[in-house]
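Following: one structure in structure tokens, then a few remarks.
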Amino acid sequence: MYAVIRAGGKQYRVTPGDVIRVEKLAGDQQQVEFGDVLAVSANQGELGKPQGEARVVGQVLDQVLGDKVLVFHYKRKKQYKKLQGHRQQYTAVRITEIAFDGQSFKAPEQAPVAVKRPKASAGDAAPEGNVATAKTASDKKSAAGGAGSKAARHGGSSKTSASKSKGGAAAKRE
């Protein structure tokens, strides 16, 4: 059993128990009735326009915001950039009943939803002994040999490199 309804300029195929997101509905109503039923199907493989009065009733669950859509305008070589964001407002509706031609199809009763508890707070975090610390660049330099001079980085001493030269004053003294 399903019906095709029109809501907010869009068409939706709904069955009893479905949860759909329609354009935001005005007011703080708990029940909403969709009177614009385009087609109904009572049996598998049949589809037709309702002969008489048809209606689809739903229960408003929540008012939600959709994902953010970024609109970016750009004109090359003209230093023109414009960025604008938009979040569409929706109403979540659970379809509870589809009625037409003297027939009524209702959704099964939904069990109450349990309230979600927040996760453990920061005070309940893992013990600090298990947390590994990352070495910073300054820690690595100090472990490599000190001040970070060129001679220290390349394996030499911090003194002059006369011992490595082939013919310096240190070589003549020996």
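The values are calculated or read from the model by the stated rules, or taken from the named source; none is laboratory data. Owing to the predicted nature of the structure, the values given are computational and were not obtained by experimental measurement. Neighbour counts are summed over all protein chains in view; Cβ atoms, including those assigned to glycine, are modelled from backbone coordinates with ideal geometry.
Annotations for the structure displayed:
- Single residue of region 51-80 satisfying the filter (within 30 Å of Gln30 (Cα to Cα) and assigned to a loop (DSSP other than H, G, I, E, B)) that is nearest to the chain's Cα centre (by Cα): Glu53
- Pair list, Cβ under 7 Å, 6 or more apart: region 21-48 residue under 11 Å from Tyr2 (Cβ atoms), other residue hydroxyl-bearing (Ser, Thr, Tyr) and surrounded by 10 or more Cβ atoms within 10 Å (Cβ to Cβ): Ser41/Tyr2; Leu47/Ser41
- Subset of region 34-74 that is within 17 Å of Val22 (Cα to Cα) and among the aliphatic types (A, V, I, L, M) - its residue that is surrounded by the most Cβ atoms within 10 Å (Cβ to Cβ): Val56
- So Gln51, is it on the phi < 0 side of the Ramachandran plot, modelled with pLDDT of 60 or more, polar (S, T, N, Q) and out of contact with any Ser or Thr (no Cβ under 8 Å at 6 or more places or on another chain): yes
- When the residues of region 2-17 are filtered to those that are exposed (fewer than 15 other Cβ atoms within 10 Å of the Cβ) and within 12 Å of Ile98 (Cβ to Cβ), the one that is farthest from the chain's Cα centre (by Cα) is Thr15.
- Residue match in region 100-116 (condition: among the aliphatic types (A, V, I, L, M) and in a strand (DSSP E or B)): no
- Test: residue in region 99-106 that is under 30 Å from Ile20 (Cα atoms), loosely packed, with under 10 Cβ neighbours inside 10 Å, at pLDDT 65 or above and small (Gly, Ala, Ser): yes
- Pair list, Cβ under 9 Å, 6 or more apart: region 81-98 residue farther than 22 Å from Gly27 by Cα and modelled with pLDDT under 95, other residue surrounded by 15 or more Cβ atoms within 10 Å (Cβ to Cβ) and of a type in the set (Phe, Trp, Tyr): Ile98/Tyr2; Ile98/Phe105
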